[in-house]
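Data block below; observations after.
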Amino acid sequence: MRRYWLGLLLLAACTSPQFSPNGVISGTVRIAPQGQTHPASVEPAPFVEGEFIVRFRPRVGLQSAEPLSAGGAVLELVRPLGLERTFLYRARLAPGETLAALQTLQARGDIEYAHPNYILSTQATPNDPLYPSQSWHYGAINLPAAWDIETGASNPVTVAVIDGGVVRGHPDLAGRLLPGYDFYSNADSGDGDGRDPDPEDTAPGSTFHGNHVTGIVGAATNNNRGVAGVSWGARILPVRAISGSSGTLADLIDALRWAAGLEVSGVPSNPNPAQIINLSLGGPVACANVPALQQAIDEAKARGAIIVVAAGNANTDASTFSPAGCSGVITVGATNEQGNRASYSNHGPRIDLMAPGGENQGVYSTTGNEQYGAMAGTSMAAPHVAGVLALMKSRKPSLSAAEGLAILRETARPLSPAQCGRPSASECGAGLIDARAALERLSTPPAYSLVLSASPNALFLRPNTSAQVTIALERSGFSGPVSLSISGHPSGTTPSFNPPSPVAGNQTILTLPAGSTPGSYTLAVRGRASVSGQSVEGETRIVLVVQPTPSPDVQGTRIYFDAVLREQPTLSLQPDTNPLLITQSGLQAPFVRTGLATTGLVGYRISAWKDVNNNNRQDEGDLFGWYRVNGAIATVMPDRSGLEITLEPVLSTTLTREKWLQQMGYPSP
């Protein structure tokens, strides 16, 4: 199976070439007709060439599922996924052909959705002799004090670690593992036999990422050996969905369903459904673009699983990553040994909580057989939260996802804006978890309590549209009506509840208008009730991203002429720091760039960008285009005329100039 990666080249700085600037390049920049995009204009997050996840509409005959024709290519059925009416297809296609076929699939009336098979990648004091190496990150969340209340042994909790597999022979995992499953289906797994009941990490040159995450959740503790796990009593269900440092979305979807106890075609039922699922993996694609993953999360959550995910390590908005940006998961960012947000950690309104991930000093845990080591990342932060939730659920077996998150948020220690490294502290969620405080809250619960939850709790809408959100109410100790209010919604909008506030039942439907102003909003739905003279309150958050509607006007477009000084053996560039600005309005406009070098270089790569949302970043909501020939980015020498550049909406998968320069090792423009 071939894979398509966005490559990274680290380049040495180069000096400006000596040449005479007398060349000219001219052409036209235009906006793509509404509803039309050129498949070759996007460079996706890593995906498997020629593979598609396709869900058919209800009442479509099964004969539609095998095979499919798309853009002149015949797609063969690989297998059905666990999701209803959803299949994995494969053909021998190059990247551009894959995107062209995808566009054809998405236009078919019998298909509900189709998207690439994206590649996701890896993100009482015990007497264990290596425990001192763990003291900084366990101390940061007040874990040693929490163990005085609960070690996880009261009611052992099953925690699934969907990752790169485990090393069963590791002495600190002895007696801790349940029978798991290997969902990694590619031949490069190292075991040579595809899917099977053995989740052993056999990847060549493995870093044992899965074993490291597993050890954080529940390494054998107080056993005079190695390291300590967060939950001493957790039962670990190892589920292999990646190999080395990556895996596919199709394998993750089936692994997630199986871990929660749902059926997966061709795989034996899971006799030990997980109560908590840890996903220390992800990729740079918005959850809105991978509906199959969101559906799998929804179905696993409906079975009662609490799903904890890593926020991602790109120092960007977590809502642009999956599964971090998906609804119904607990998204965890990383702190370093100073208690600040780690410089790599994703941030933004989608972050729920922070936990130690390390930076200059990593998180210590199990690695290879009888080995231990430090790693850093949000991959390490997530299992801290999963482990603490296992302690909480051991203490209170009826703990729900909504209650667990509410308690962790209420008892977390907020980060200041300076500690978060962002304009608002809310971009680090509720702050750093406090295991002791969370367990104390469970041990001495208030006489009356109210927990609110929202489904979905993450929305991506266009201006002047709306969506409905189910607000669930969990009362403890009382049964009276609850008054609801909402804040943080876009200016000029009026959200409404049905049934209206006060709500006597266990749920209400919130209709949420997006308004006309693009942006990211963190909404707070608050509930209040008066019981025996006491005020009982609860709160849930909803992340609303209002995506700009691209403006049909080329005015304000900047056209860049980046000089390619050398292509072989390594690409060397002189990025354009003075782009040409289009001042003419309309759907298209001519451009002329003079003063270009005609010698001493290979040519120019030309791109056009309109910053529609005015945030000085090339991101979703903007318009962007490359000058291409036969779908490929072209290198052009002066003197040329008649060039055409088409501006199209930026997707999470678009290879913008900004991304391209970063991949080439140049600073962000």
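The values are calculated or read from the model by the stated rules, or taken from the named source; none is laboratory data. Remember, predicted model here, so these are calculated numbers, not experimental data. Here Cβ is always computed from backbone atoms with ideal geometry, including for glycine, and neighbour counts include all displayed protein chains.
Miscellaneous remarks
- Every condition in (1) farther than 30 Å from ALA250 by Cβ; (2) surrounded by 24 or more Cβ atoms within 10 Å (Cβ to Cβ) holds for SER379 except the one numbered (1).
- Condition met for PRO590 (outside any strand (DSSP E or B) and touching a Gly at 6+ places or on another chain (Cβ under 9 Å)): no
- Taken across segment 315-327, residues that are in the same structural domain as SER231 (by TED's automatic domain parsing), within 17 Å of SER453 (Cβ to Cβ) and modelled with pLDDT of 95 or more do occur, with at least one present.
- Elements of the type strands (runs of 3 or more DSSP E) sitting completely within segment 503-576 and holding at least 1 residues that are at pLDDT below 90, on the phi > 0 side of the Ramachandran plot and surrounded by 14 or more Cβ atoms within 10 Å (Cβ to Cβ): these cover 519-531.
- Qualifying positions in segment 282-301 - among the hydrophobic types (A, V, I, L, M, F, W, C) and at pLDDT below 95: VAL285, ALA286, CYS287, ALA288, VAL290
- The lone exception for GLY603 - which of (1) out of contact with any Pro (no Cβ under 8 Å at 6 or more places or on another chain); (2) surrounded by fewer than 18 Cβ atoms within 10 Å (Cβ to Cβ) it fails: (2)
- Tabulated pairs, segment 171-182, first outside the structural domain of ILE277 (by TED's automatic domain parsing) and farther than 15 Å from VAL239 by Cα, second hydroxyl-bearing (Ser, Thr, Tyr) and assigned to a strand (DSSP E or B), C-beta under 7 angstrom, 6+ apart or interchain: none
- Any chance PRO499 is under 27 Å from GLU427 (Cβ atoms) and touching a Ser or Thr at 6+ places or on another chain (Cβ under 7 Å): no
- Residues within segment 93-123 that are among the aromatic types (Phe, Trp, Tyr) and more than 25 Å from ALA310 (Cα to Cα), tallied: 1
- Strands (runs of 3 or more DSSP E) lying entirely in segment 294-392 (those with 1 or more residues that are among the hydroxyl-bearing types (Ser, Thr, Tyr)): 330-335, 363-366, 372-375
- Members of segment 168-188 that are assigned to a loop (DSSP other than H, G, I, E, B) and exposed (fewer than 14 other Cβ atoms within 10 Å of the Cβ): GLY169, ALA174, GLY175, PRO179
- Pairs are defined by a Cβ separation below 7 Å, a sequence spacing of at least 6 or placement on different chains, a first member in segment 73-98 that is assigned by TED's automatic domain parsing to the domain that holds GLU263, and a second member that is surrounded by fewer than 21 Cβ atoms within 10 Å (Cβ to Cβ); no pair meets this definition.
- Conditions (1) more than 24 Å from SER319 (Cα to Cα); (2) touching a His at 6+ places or on another chain (Cβ under 8 Å); (3) surrounded by fewer than 21 Cβ atoms within 10 Å (Cβ to Cβ); number of the one not met by THR646: (3)
- Residue that is modelled with the highest pLDDT [pool: residues in segment 101-130 that are outside any strand (DSSP E or B) and hydrophobic (A, V, I, L, M, F, W, C)]: LEU105
- Considering segment 495-542, the residues that are among the β-branched types (Val, Ile, Thr) and out of contact with any Lys or Arg (no Cβ under 8 Å at 6 or more places or on another chain) include one that is nearest to ARG462 (Cα to Cα), namely THR517.
- Residue check for ALA288: crowded, with 24+ Cβ neighbours inside 10 Å and among the aliphatic types (A, V, I, L, M): no
- Boolean, LEU623 is surrounded by 16 or more Cβ atoms within 10 Å (Cβ to Cβ) and in the same structural domain as ILE486 (by TED's automatic domain parsing): no
- If the condition is being among the β-branched types (Val, Ile, Thr) and either farther than 19 Å from THR202 by Cβ or out of contact with any Ser or Thr (no Cβ under 7 Å at 6 or more places or on another chain) (or both), then segment 230-260 contributes VAL230, VAL239, THR248, ILE253.
- Test: residue in segment 40-63 that is basic (Lys, Arg), exposed (fewer than 15 other Cβ atoms within 10 Å of the Cβ), under 30 Å from the mean Cα position of the chain (by Cα) and at pLDDT 75 or above: yes
- Residue pairs whose Cβ atoms lie under 9 Å apart, separated by 6 or more positions or on different chains, with the first residue in segment 255-273 and assigned by TED's automatic domain parsing to the domain that holds ALA292 and the second basic (Lys, Arg) and outside any loop (DSSP other than H, G, I, E, B), are ALA255/ARG240; ALA260/LYS301; GLU263/ARG257; VAL264/ARG257; SER265/ARG79; GLY266/ARG79; ASN272/ARG235.
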